[in-house]
1. Mind counting the residues in the stretch 350-370 that are open to solvent by less than 10 Å² (accessible area, probe 1.4 Å) and part of a strand (DSSP E or B)?
2. I'd like the full set of residues that are in contact (Cβ under 8 Å) with a residue 12 or more places away in the chain, out of contact with any helix residue (DSSP H, G or I) (no Cβ under 7 Å at 6 or more places or on another chain) and open to solvent by 10 Å² or more (accessible area, probe 1.4 Å), limited to the stretch 151-172.
3. Among the candidates ARG175, ARG142, single out the residue that is exposed (fewer than 15 other Cβ atoms within 10 Å of the Cβ) and outside any strand (DSSP E or B).
4. Yes or no: the stretch 7-16 includes at least one residue that is open to solvent by less than 50 Å² (accessible area, probe 1.4 Å), within 30 Å of GLU151 (Cα to Cα) and aliphatic (A, V, I, L, M).
5. Any idea which residue in the stretch 203-223 is surrounded by the fewest Cβ atoms within 10 Å (Cβ to Cβ), counting only those that are more than 15 Å from PRO153 (Cα to Cα) and acidic (Asp, Glu)?
6. Take ARG284 and decide whether it is open to solvent by 10 Å² or more (accessible area, probe 1.4 Å), part of a strand (DSSP E or B) and not small (Gly, Ala, Ser).
7. Out of ALA59, ALA66, I need the residue that is in contact with a helix residue (DSSP H, G or I) (Cβ under 9 Å, 6 or more places away or on another chain), open to solvent by less than 30 Å² (accessible area, probe 1.4 Å), among the hydrophobic types (A, V, I, L, M, F, W, C) and outside any strand (DSSP E or B). Which one?
8. What is the residue count in the stretch 18-43 for residues that are open to solvent by less than 10 Å² (accessible area, probe 1.4 Å) and under 20 Å from VAL347 (Cβ atoms)?
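The values are calculated or read from the model by the stated rules, or taken from the named source; none is laboratory data. Being a predicted model, the structure only gives us computed values, none of them experimental. As a convention, Cβ positions derive from the backbone with ideal geometry for all residues, glycine included, and neighbour counts pool all protein chains shown. Please note that ligands, DNA and RNA were not included when accessible areas were found on the heavy atoms of the full protein model with its side chains. Shrake-Rupley method; radii C 1.70, N 1.55, O 1.52, S 1.80 Å.
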Amino acid sequence: MPDPVEVRKIPLEHVSDASGLDKLIVEGLVGADRVVAVIGKTEGNGGVNDYTRIIADRAFREVLVARGTRSPEEVARIPIVWSGGTDGVLSPHATVFATVDPSRAPRTAEPRLSVGYAQSEPILPEDIGRPAMVEKVAAGVRVAMGKAGIEDPADVHYVQTKSPLLTMATIADARRRGQTVWTDDTLKSMDVSNSTTALGVAVALGEVEMPGPDQIHRDLSLYSSVASCSSGVELDRAQIIVLGNVAGIGGRYRIGHAVMRDALDADGVWAAIRSAGLGDLPERPHPSDLRGRLVNVFAKCEADPGGRVRGRRNAMLDDSDVHWHRQIKACVGGVISAVTGDPAVFVSVAAVHQGPPGGGPVVAIADLAA
């Protein structure tokens, strides 16, 4: 049985601010050597050249090395997933996951949060957008499930990944070796990397069969209801974090998920919160009904490919001034922040194969002892 988990959300007051993590460790709320994953939002542009992710990553790893006994090489293997872009009211923050000594955690036979993590085999530039990447990610998800002590895929509520995208350098590398790539557009490759990774998650969890090459990033009927996939230039393989509930693990936290059917689906957010164990909410809840029990919400979003939301036309996909990535992120971030009463929520874009077209998975973690 894996150890129970402690979860804490901390603000980032500037792009290299890891003081919140340092404070958690100094105050004994988490152990530096027990941190197993971090999922966070940085304030960059969210694009290929968003180096705020690298800056934040370095700051957090430096704290873990300085405050713990693990070597820099060991700390480098910890999955720290940064999603760039805090458009609209979204606030930079990080959610820290750490194991705790079972003797210090509440004991219960009820399902409680467990975390497993893994890295895929190296993903080559020519793998992105193709079945080879799907297979490598699926294998990594199965490893992470095993580390979390999760046997039934139905107990998985959230799979957060970070995978490589294409850059001009990696495109050139593939061509030198006589290989082709899915696209020459590096920004487009972010969406494609995310979608291919999501299908790897879906295959591992039995949500879909292994897709053919012509279905990847094209057949929108194929999707995972729990995958949240990001990509960046700072890695050459997929980092995979699997979160689910395990009976008997103990601890204070529970995770649940639902699906936002479109960008305005506040009911979908509330459904995820209820799924996380807060079933005592009224029929039409208010943020005050949460009473400090919600740790965080994590969501993927996508501009509807039909260019409409609830029958009304919007111009996001036609806008040449502000990319739709930024517009839909700000929109969905506002909807979720209105539900939670807290703008420090995790909202990420490029959600092809992650939830239905125009929607996306939404995940909640609740502190049932708060």
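1. 8
2. Those that are in contact (Cβ under 8 Å) with a residue 12 or more places away in the chain, out of contact with any helix residue (DSSP H, G or I) (no Cβ under 7 Å at 6 or more places or on another chain) and open to solvent by 10 Å² or more (accessible area, probe 1.4 Å): PRO153, ASP155, HIS157.
3. Result of the check over ARG175, ARG142: ARG175.
4. yes
5. ASP214
6. When the stated conditions are applied, ARG284 does not pass them.
7. ALA59
8. Qualifying residue count for the region: 6.
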